[in-house]
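One structure is given below, encoded as structure tokens.
The values are calculated or read from the model by the stated rules, or taken from the named source; none is laboratory data. Note that the coordinates shown come from a computational prediction; the quantities given were computed from them, not determined experimentally. Every residue, glycine among them, receives a Cβ derived from its backbone with ideal geometry; neighbour counts consider all protein chains shown.
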């Protein structure tokens with residue numbers, strides 16, 4: 001049987017040695033911690049569901065008001081959709097998200113003893129939970145070495161020469177293959193936070209980037 005060849009166009013120009021160096025440097029400059037505020041697995045799950053197409057800042061503002069009132073599946077279900085909406089109205093798609101949060105909370109009560117499942121299939125079956133959300137929960141809550149690919153990760157991966165893919169699913173696959181094991185647990189935090197605060201979309205702040213000497217990105221901006 002013929003061996004299946006990898007689609008090499010997905011792979012960036014950076015060598016395995018250079019990729020390891022990238023992660024080594026980022027690990028020295030970035031604390032691998034989510035910008036979302038939460039104390040429990042359930043609070044994390046709800047926050048990540050709310051964060052789709054929204055900023056972490058807006059989600060934190062909502063959750064800081066919501067969680068003192070309701071931060072368990074039972075309390076959220078008791079609160080109900082109509083009373084939940086005012087807490088999250090500053091977040092995009094808040095009506096649909098309110099429905100999903102109520103539904104997933106009821107499922108957790110009925111099927112998982114009000115606990116967040118440590119299982120990709122179960123997580124992705126919850127309303128409002130896609131692959132990226134499941135990856136975030138699995139990584140942060142349960143310490144699984146997954147990589148959640150958001151717009152920042154998908155955007156900077158080609159800039160760094162790690163992965164040059166058309167879809168986030170392809171980017172995730174390549175990053176999982178090319179990220180050294182020692183950095184796999186925190187890789188998505190390094191990439192997300194680097195993309196969010198330094199390697200920005202319109203004006204990357206290359207002048208303060210710790211990777212500037214080895215980054216293959218051609219259109220570097222070297223002055224503020």
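Annotations for the structure displayed:
- Members of region 204-217 found to be surrounded by fewer than 13 Cβ atoms within 10 Å (Cβ to Cβ) and modelled with pLDDT of 95 or more, listed by number: 207, 208
- First in region 117-133 and on the phi < 0 side of the Ramachandran plot, second anywhere and surrounded by fewer than 16 Cβ atoms within 10 Å (Cβ to Cβ) and not in a helix (DSSP H, G or I), Cβ under 7 Å, 6 or more apart: 124/130
- Criterion (within 26 Å of residue 124 (Cα to Cα), modelled with pLDDT of 95 or more, surrounded by 15 or more Cβ atoms within 10 Å (Cβ to Cβ) and over 21 Å from the mean Cα position of the chain (by Cα)) met by exactly one of 70, 75: 70
- The residues listed here are 109, 91; of these, the one that is surrounded by 15 or more Cβ atoms within 10 Å (Cβ to Cβ), at pLDDT 95 or above and either in a helix (DSSP H, G or I) or on the phi > 0 side of the Ramachandran plot (or both) is 109.
- Verdict on residue 98 being touching a helix residue (DSSP H, G or I) at 6+ places or on another chain (Cβ under 7 Å) and in a helix (DSSP H, G or I): yes
- Test: residue in region 114-127 that is closer than 21 Å to residue 58 by Cβ, modelled with pLDDT of 95 or more and touching a helix residue (DSSP H, G or I) at 6+ places or on another chain (Cβ under 9 Å): yes
- Among residues of region 98-112 that are closer than 10 Å to residue 77 by Cβ, those with a beta-carbon under 6 Å from a residue that is part of a helix (DSSP H, G or I) and modelled with pLDDT of 95 or more at least six positions away or on a different chain give the pairs 101/46; 102/81; 105/73; 105/76; 105/77; 106/77; 108/73; 109/73.
- Residue in region 42-58 that is loosely packed, with under 15 Cβ neighbours inside 10 Å and over 18 Å from the mean Cα position of the chain (by Cα) present: no
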